[in-house]
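The numbers here are math on the coordinates, done by the rules we state, and not lab data. Here the structure is a predicted model, which is why all the values come from computation and not from measurement. No Cβ is skipped: glycine too gets one built from the backbone with ideal geometry, and neighbour counts run over all protein chains shown.
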């Protein structure tokens, strides 16, 4: 079973961020990077499927030279080989361009299964996986908690709302977007780190992307504001107004 785990490198969650002078993205000069958390769960699911069913796990990552550290981490955890899709100006790409570049790198591998994280920690769009599946012409399912290999393909467990789950039988090849928390993430062992040095990493150069359909105009910090409002009426009326504001303005309920 050949499994592709598409991963993304994102700024660490506790990194001190600053906006670039252009105002269109972050200042990346002093940022520390790590693997996107939902993608880490996708990688873990891929490794567990390989351990149960055999085959190989290939990690694919799009980005500049710095993503090599994230690929090495994935190899140290147990991935068999890596594909680095080289592209420096990630902030200029929209979801479709990213998915096209990943699709071009993945097609020659003809994988049985492609796993991605549900969404990225930096943009949080949750679109790349499903767009990638459409470009490859394969079925997909999202918000996956568990994956089981069957005689006819896969049986997956999807997370729905209000504590409900859905079990779906799917054929192969397929693409799944993995929800965080379904498995316990493993750490890279010392032996795994040593083995990673001898594992293959192939660099591919994608074609120049088309003009993006969506442009990122500006990135800015949320504005802070204070507002005082006096509610009038009987205690019952005031309580009803407070509940309405908590629901529809503050969205705390």
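Calculate the translational D of the range 133-230 in whole µm² s⁻¹ from Stokes-Einstein, where the hydrodynamic radius comes from the Kirkwood formula applied to all Cα pairs, the temperature is 10 °C and the viscosity 1.306 mPa s.
Calculated translational D: 83 µm²/s.
Of the listed peptides 3-10, 173-180, what is their order by residue-averaged count of other C-beta atoms within 10 Å, with the highest listed first?
3-10, 173-180
Antiparallel as a % of all DSSP beta bridges within the range 127-213, to the nearest 5?
Values: 11 of 14 bridges.
Among the beta bridges of the range 127-213, antiparallel pairing accounts for roughly 80 percent.
Can you give me the C-alpha center-to-center distance between the range 106-178 and the range 6-41, rounded to a whole angstrom?
After rounding, the separation between the Cα centres reads 24 Å.
Could you pull the Cα extents of the range 176-253 along its three principal axes, largest to smallest, in whole Å?
74, 40, 27
Once the Cα gyration tensor of the range 1-106 is diagonalised, what are the square roots of 5 times its eigenvalues, in whole Å and ordered largest first, as equivalent ellipsoid semi-axes?
Numbers: eigenvalues 147, 48, 22 Å².
Equivalent-ellipsoid dimensions as semi-axes: 27, 16, 10 Å.
How much space per residue, in cubic angstrom, does the convex hull of the C-alpha atoms of the range 1-63 take up?
86
Relative to the longest principal axis of the C-alpha atoms of the chain, give the angle of the C-alpha long axis of helix 235-248, reported between 0 and 90° and rounded to the nearest 10°.
Orientation of helix 235-248: about 30 degrees from the principal axis.
Nearest 10 degrees is fine. How inclined is helix 68-77 to the longest principal axis of the chain, computing both from alpha carbons?
70
Assign one of three labels to the range 64-181, namely rounded, prolate or oblate, based on the Cα gyration tensor with a ≥ b ≥ c the square roots of its eigenvalues; rounded applies when a/c is under 1.5, prolate when it is not and a/b is larger than b/c, and oblate otherwise.
In terms of gyration-tensor shape, prolate.
Return the equivalent ellipsoid semi-axes of the range 2-204 as a descending list in whole Å, where each equals the square root of 5 times an eigenvalue of the C-alpha gyration tensor.
26, 20, 17
Using 0.36 nm times the number of residues separating residue 224 and residue 204, minus their current alpha carbon distance, what extension gain do you get?
On the way: separation 20, 0.36 × 20 = 7.20 nm, distance 4.42 nm.
Once the chain is fully extended between residue 224 and residue 204, it gains 2.8 nm.
Where both residues lie in the range 2-204, what percent of DSSP beta bridges are antiparallel, nearest 5?
35
What percent do you get for the relative contact order of the range 104-226 when only Cα pairs under 8 Å and 6+ apart count?
25
Taking only Cα atoms, what is the 0 to 90° angle, nearest 10, from helix 37-53's long axis to the longest principal axis of the chain?
40
For residue 28 and residue 14, compute 0.36 nm times the residue count separating them, minus their Cα-Cα distance, and round to one decimal in nm.
3.6 nm
Using only the alpha-carbon atoms of the range 175-215, report the extent along each of the three principal axes, biggest first, to the nearest angstrom.
Over the range 175-215, Cα extents along the principal axes are 44, 30, 20 Å.
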